[in-house]
1. What residues have an amide H closer than 5 Å to that of THR116, excluding those fewer than 5 places away on the same chain, when H is modeled at 1.01 Å from N in the peptide plane?
2. Once amide H atoms are placed 1.01 Å from N in the peptide plane, what residues at a sequence separation of 5 or more from ARG16, or on another chain, have their amide H within under 5 Å of its amide H?
3. Of the listed peptides 149-162, 180-193, what is their order by residue-averaged count of other C-beta atoms within 10 Å, with the highest listed first?
Amino acid sequence: MLNVDPEIQAAIDEERQHDERVLWTGKPNPLRFAVREPARLLGALGSVLMAGVFLFIFSEFFGEVIPTSINAERTSSPFGGFSSFFILILALIVVSSVGPVILDFLKAGRMVYAVTTKRLMIVTRPWAWWGKSVQSFAENDIQMLSRSGSDESGDLVFASESYRVRQKYGYGTRTRKVGFFGIPDVKTVEQLVMTTFKRGGN
């Protein structure tokens, strides 16, 4: 059952203690990891849809203000600056909504999962501007075991974490699931965790 992928094994071996035995290793499915938060995904899709609708509604207006070819004569209009500013605002809204989903997709490609005799591990290897991070969940840190998807591929959630988000009037708190997302043989991994840490699934 142990995955012998050298890239994965090297990342785990750097963190493994001398008396700790690795029982399973794997990697997340990047797409499944990126869409693990339905609310954020819906928000990103909503922003893209809103931007598309606004551009469609005002397309005729933009066509009058902004030349459609390099040979077209620029129209003198007091709204020219406004149209460019409006497009910039729409672009920023879309980027701010879709950006975190894209970053999660890229981040998942640098993540490694492991089940050892002592803990569950999520290791994110360094890349570009983010550094290495390691999350460890010992027996007492496992809040639940919740499996979704088919027996062959799915998610195994075992904890949740809170994080701050900026809202209209300050900051609010949200929670997100923590676990192994988009892994093969998810039912087998669940059984391994239950056996190793004497946990029941739900």
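Computed from the coordinates by the stated procedures, all read-outs in this text should not be read as laboratory data. From a predicted model like this one, the values you see are computed outputs, not experimental measurements. Neighbour counts are summed over all protein chains in view; Cβ atoms, including those assigned to glycine, are modelled from backbone coordinates with ideal geometry.
1. So THR116 has HN proximity to LEU23, MET121.
2. Amide H to amide H, under 5 Å and 5 or more residues apart or across chains, ARG16 pairs with nothing.
3. The densest-packed peptide leads the list: 180-193, 149-162.
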